[in-house]
Amino acid sequence: MRFFAARISACLIVCLVALPLRAAEVTSYKLENGMDIVVIEDHRAPVVVHMVWYRAGAADEPPGKSGIAHFLEHLLFKGTDDMEPGEFSSVVASNGGSDNAFTSWDYTAYHQRIAADRLELMMRMEADRMRDLRLSVDDIGTERDVIIEERNTRVENDPGALFGEQRRATMFMNHPYGIPVIGWRHEAEALGLEDALAFYRKYYAPNNAILIVAGDVEPEAVLELARAHYGPLQPTPGLGPRQRPTEPPHLAERRLLYEDPRVGEPYVVRSYLAPERDPGAQREGAALTLLAEVLGGNGATSVLGRKLQFETQKAIYTSAFYQGLALDDGAFGLFIVPVPGVALQEAEDALDAAVAEFMAEGIDPDQFARIKMQLRASQIYAQDSVQSLARRYGSALTSGLTLEDVEAWPDILQSVTQAEVMAAAERAFDRRRAVTGWISKPPSPEVTQ
């Protein structure tokens, strides 16, 4: 049985290595008004994903107007001269499709998944609301209540989310990545009609947008439709590259303790300021991606999982993460949930000891090869979803990367060496650039006799 299992495993590795990492054909264009177009052909099903990505997110908001990018995402489902409020989504649904939108620090994106022969309808409606949104004071009041309730549900009622906001604000001392996408509550409550329209008029323009169409389409046909519907739209004049505040040198570790009676399990998180994936220079980002997998990718086989969950049994959960797909510096982090009875200081000490041991011993070659194979497999399986393909390109392009960077990324991951990963770890684990956070319940009051 072991012989046959080994043969099957070897066959799987050979098959994965032999499969191409870019099955879909990718074509790009640029309209005269500055709009970028990416077409990803996939003719396996008569379905298309239509996405418009704007190079504008929470990190591009004016000071004091946090949450305006996310607020505007909601408002875009209001009316235009040609559509009533809510009509956009109603038309998509009546044609058998689905639609939604999302906002991050570096982008806002709107997408529909629908039958391929309905692509022109999606373009016509999306182009209409790119430059022709119509808002009223009533729209603002109603939708502002919606986002405040969303903040109540997702943040105010979740101690882990509140803790995350505090840690991120501590990590980024000057950069707007420290501001929550949903906005600080007191600023989101004050957002008005002119705030929304000013952000909309500046950033919702063809020269600030990327159209991505993935699925059962022909590139030239997509270009023809885009010229007809997006081509006539006027660009925002003078809209240059994004200018953001930069981080000053981080000279001292920052620490915080967040206490909340609603906390279920206490835990420790440490985040280090880390370089993002840069255009034409992604090897550091690839090394940090692999480092996160080596340290905390799988509880049963990762360095932290084996050491802290199984050998010393100090933790019930461990992980590591790298937030590198960003326009500016991101973060690398370590996470430990101790077993009941293990104090947070003991858990942090155990985490530090496990990392120090790893830095002394290096990477297990078998684990490294296995992780690379798993990454390659996940990238191949992701090609089964045109939505995932479109999102991969959109998030990368709005984060400052190029088509060539996106296509080179899988091979760069495979070519990074153990020595490069260890060197990246040495650079990353600088406590002067770290925020260490503890979250727990407040101590119980002492009972006096």
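Descriptive notes on the structure:
- Among residues of the range 128-156 that are in a helix (DSSP H, G or I), those with a Cβ under 6 angstrom from a residue that is of a type in the set (Phe, Trp, Tyr), sequence gap 6+ or separate chain, pair up as Met130/Tyr204; Ile147/Phe71.
- Scanning the range 400-438 for residues that are outside any helix (DSSP H, G or I) and either among the aromatic types (Phe, Trp, Tyr) or touching a helix residue (DSSP H, G or I) at 6+ places or on another chain (Cβ under 6 Å) (or both) gives Val416, Phe429, Val435, Gly437, Trp438.
- Count of the range 70-106 residues which are within 20 Å of Thr142 (Cβ to Cβ) and of a type in the set (Phe, Trp, Tyr): 3
- Within the range 257-276, the set of residues being more than 21 Å from the chain's Cα centre (by Cα) and surrounded by 14 or more Cβ atoms within 10 Å (Cβ to Cβ) comprises Tyr258, Glu259, Asp260, Val263, Glu265, Pro266, Tyr267, Val268.
- Selection status of Ile114, hydrophobic (A, V, I, L, M, F, W, C), touching a His at 6+ places or on another chain (Cβ under 8 Å), in a strand (DSSP E or B) and more than 30 Å from Glu165 (Cβ to Cβ): yes
- Of all residues in the range 293-320 being β-branched (Val, Ile, Thr) and within 20 Å of Pro365 (Cα to Cα), the one that is surrounded by the most Cβ atoms within 10 Å (Cβ to Cβ): Val294
Yes or no, residue by residue, for (1) among the aliphatic types (A, V, I, L, M); (2) open to solvent by 10 Å² or more (accessible area, probe 1.4 Å):
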| position | (1), (2) |
| --- | --- |
| His250 | no, yes |
| Arg255 | no, yes |
| Asp278 | no, yes |
| Gln282 | no, no |
| Leu288 | yes, no |
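- Neighbours by Cβ (under 7 Å, 6+ apart or cross-chain): first from the range 282-303, at negative phi; second buried (at least 24 other Cβ atoms within 10 Å of the Cβ) and of a type in the set (D, E, K, R): Gly285/Arg277
- Each residue in the range 89-124 was checked for being open to solvent by less than 60 Å² (accessible area, probe 1.4 Å), hydrophobic (A, V, I, L, M, F, W, C) and more than 26 Å from Glu61 (Cα to Cα), and 9 of them qualify.
- Residue in the range 292-301 that is assigned to a helix (DSSP H, G or I), within 26 Å of Ala347 (Cβ to Cβ), touching a Gly at 6+ places or on another chain (Cβ under 8 Å) and among the β-branched types (Val, Ile, Thr) present: no
- With respect to the conditions (1) within 28 Å of Glu404 (Cα to Cα); (2) in contact with a Ser or Thr (Cβ under 7 Å, 6 or more places away or on another chain), Leu256 falls short on a single one, namely (1).
- From the options Phe102, Phe88, residue that is within 21 Å of Thr398 (Cβ to Cβ) and either of a type in the set (A, V, I, L, M, F, W, C) or not in a helix (DSSP H, G or I) (or both): Phe102
- Residue in the range 1-18 that is farther than 27 Å from Ile412 by Cβ, modelled with pLDDT of 95 or more and in a loop (DSSP other than H, G, I, E, B) present: no
- The one condition in (1) crowded, with 20+ Cβ neighbours inside 10 Å; (2) over 23 Å from the mean Cα position of the chain (by Cα); (3) among the aliphatic types (A, V, I, L, M); (4) over 30 Å from Gly437 (Cβ atoms) that Leu197 fails to fulfil: (1)
- Test result for Arg227, open to solvent by 50 Å² or more (accessible area, probe 1.4 Å), under 19 Å from Tyr54 (Cα atoms), of a type outside the set (Gly, Ala, Ser) and part of a helix (DSSP H, G or I): yes
- Any hit, the range 71-82, residues being over 24 Å from Arg391 (Cβ atoms), open to solvent by 60 Å² or more (accessible area, probe 1.4 Å) and in a loop (DSSP other than H, G, I, E, B): yes
- Residues that are touching a helix residue (DSSP H, G or I) at 6+ places or on another chain (Cβ under 7 Å) and of a type in the set (Gly, Ala, Ser) were ranked within the range 125-164; the one that is most open to solvent (accessible area, probe 1.4 Å) is Ala161.
- Considering the range 312-347, and only residues there that are within 27 Å of the chain's Cα centre (by Cα) and charged (D, E, K, R), the residue that is farthest from Leu401 (Cα to Cα) turns out to be Asp329.
- Contact map, the range 360-381: first residue more than 20 Å from Lys307 (Cα to Cα), second residue open to solvent by less than 70 Å² (accessible area, probe 1.4 Å) and in a loop (DSSP other than H, G, I, E, B), Cβ cut-off under 6 Å, separation 6 or more or different chains; pairs are Gln379/Leu21.
- Of all residues in the range 325-338, those that are open to solvent by less than 30 Å² (accessible area, probe 1.4 Å) and closer than 18 Å to Tyr267 by Cα total 6.
The values are calculated or read from the model by the stated rules, or taken from the named source; none is laboratory data. Small disclaimer: the values here were computed from a predicted structure and weren't measured. As a convention, Cβ positions derive from the backbone with ideal geometry for all residues, glycine included, and neighbour counts pool all protein chains shown. Accessible surface areas use protein heavy atoms only, side chains included; no ligands, DNA or RNA. Shrake-Rupley method; radii C 1.70, N 1.55, O 1.52, S 1.80 Å.
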